[in-house]
1. When you scan segment 65-122, how many residues do you find that are part of a helix (DSSP H, G or I), small (G, A, S) and modelled with pLDDT under 90?
2. Out of the residues in segment 1-42 meeting the condition of being open to solvent by 80 Å² or more (accessible area, probe 1.4 Å) and assigned to a helix (DSSP H, G or I), tell me which one is modelled with the lowest pLDDT.
3. Regarding segment 89-111, can at least one residue be identified that is surrounded by 16 or more Cβ atoms within 10 Å (Cβ to Cβ), of a type outside the set (G, A, S) and within 28 Å of the chain's Cα centre (by Cα)?
4. Here are N31, N95, N44: which of them is closer than 13 Å to L10 by Cβ and of a type in the set (S, T, N, Q)?
5. What's the number of the condition L70 fails, among (1) open to solvent by 60 Å² or more (accessible area, probe 1.4 Å); (2) farther than 16 Å from Y9 by Cα; (3) touching a residue at least 24 places away in the same chain (Cβ under 8 Å)?
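The values are calculated or read from the model by the stated rules, or taken from the named source; none is laboratory data. Since the model is a prediction, treat every value here as computed from it, not as a measurement. For neighbour counting, all protein chains shown are included, and Cβ atoms are generated from backbone atoms with ideal geometry for every residue, glycine included. Each accessible area value is taken on the protein alone, full model and side chains, heavy atoms only, with ligands, DNA and RNA left out. Shrake-Rupley method; radii C 1.70, N 1.55, O 1.52, S 1.80 Å.
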Amino acid sequence: MAKDLKISYLLDFYGDMLTQAQYDAVDAYYNQDLSLSEIAADRNISRQGARDAIKRAEQQLLEMEDRLELAKRFQAVQKALAAVCDCALNIQELNSQNGGVPGIDENAGRILALAQEIADKE
């Protein structure tokens, strides 16, 4: 069973929606890098039982992302915030190269601060 790191990422978004047993199995497999045999031994189940539990949880995580798209939206917001910050830094640089108008620097700094506030809330 090849590990899809997307599952680990989705676990951060939707892990609370899984049962505790499902969460623990997926966390052990993806985040703690335990083998199916190790997970099975820890839970007193068969290796096939551990695999089935992980596969069911993976399917649920993927279905939740298909419906809710929280991870997709989060990535889009992060990408947009990075672009906003890059633009604000470019404005500050261009301003300093062309005489340095204080209002421009202040507004670019405010844009950076607001973008950081949004990123911190995400």
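1. 1
2. Across segment 1-42, the extreme among qualifying residues is L5.
3. So far as segment 89-111 goes, yes, one or more of its residues are surrounded by 16 or more Cβ atoms within 10 Å (Cβ to Cβ), of a type outside the set (G, A, S) and within 28 Å of the chain's Cα centre (by Cα).
4. N31
5. For L70, the failing item is (2).
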